[in-house]
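Every read-out reported here was derived from the displayed coordinates using simple, explicitly stated rules and does not represent laboratory data. Note that the structure is a prediction, hence the values are computed from the model and not measured. So basically every Cβ, Gly included, is an ideal-geometry build from the backbone, and we count neighbours across all protein chains shown.
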Amino acid sequence: MADPGELDQQCDWGRLKVRADSITIRYDYRTAAAVGNTRICAAAYSLDSSERFDLAERSRDWLRQAESDLKHARNALEDGDYDWAAFASHQAAEKAVKAVYQKLHRDAWGHTVSMLLGELSAEVAAAADLIVAAKALDKHYIPTRYPNGFERGAPVDFYTHDEAGRAIRDAEAIIEFCRDQIGR
């Protein structure tokens, strides 16, 4: 008989075991695919909404890092590194939103700031203009860093002072919202 704190699931090509002491995990196998000689089974999990993490609440750490990333974005703008200013702005906003998730004792997965904001609970709902700002920042997550995000040229060739400035302003608005939520 399996330990009640252990999840033992059979996939079409193998078994997955997960130890869960303080949270309830349910796996939903969505795809199984072969990549070369490696088989991948993608699993999504959900938490029982009545369960809470027994992890330390670290919202202030996440918020401090968000503010540090925003400072980096401002320095990059000043130095003319507009691609990095835009990316650091995205990172700042993402970490600020994840700070709110920490405060709510919820787990946040992914890097799409607009989705993370949109999935916050009703009592912490973000205004529509904040979601729009987050969507603008989401567009800076990949193309700011990888040349294959454009037909030719590198990200450094495409980002402008105005785009970087807007990204910083959008991140500032999101961080302010998150700071207010954490301070409640």
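Things to note:
- Cleavage-rule hits (GluC sites (Glu not before Pro)) in segment 91-162: DSSP loop, at most 10 neighbouring Cβ within 10 angstrom: E151
- According to the Kirkwood relation over distinct C-alpha pairs, the hydrodynamic radius of segment 59-183 is 14.3 Å.
- Proximal charge balance of T160 [Cβ under 11 Å; K/R count +1, D/E count -1]: -3
- Using a simple spin-label model with pseudo-atoms 7 Å out from Cα toward Cβ, H111 and E123 lie 3.2 nm apart.
- Taking a Cβ cut-off of under 9 Å around A92, the surrounding Lys, Arg, Asp and Glu residues balance to a net charge of -2, with basic ones at +1 and acidic ones at -1.
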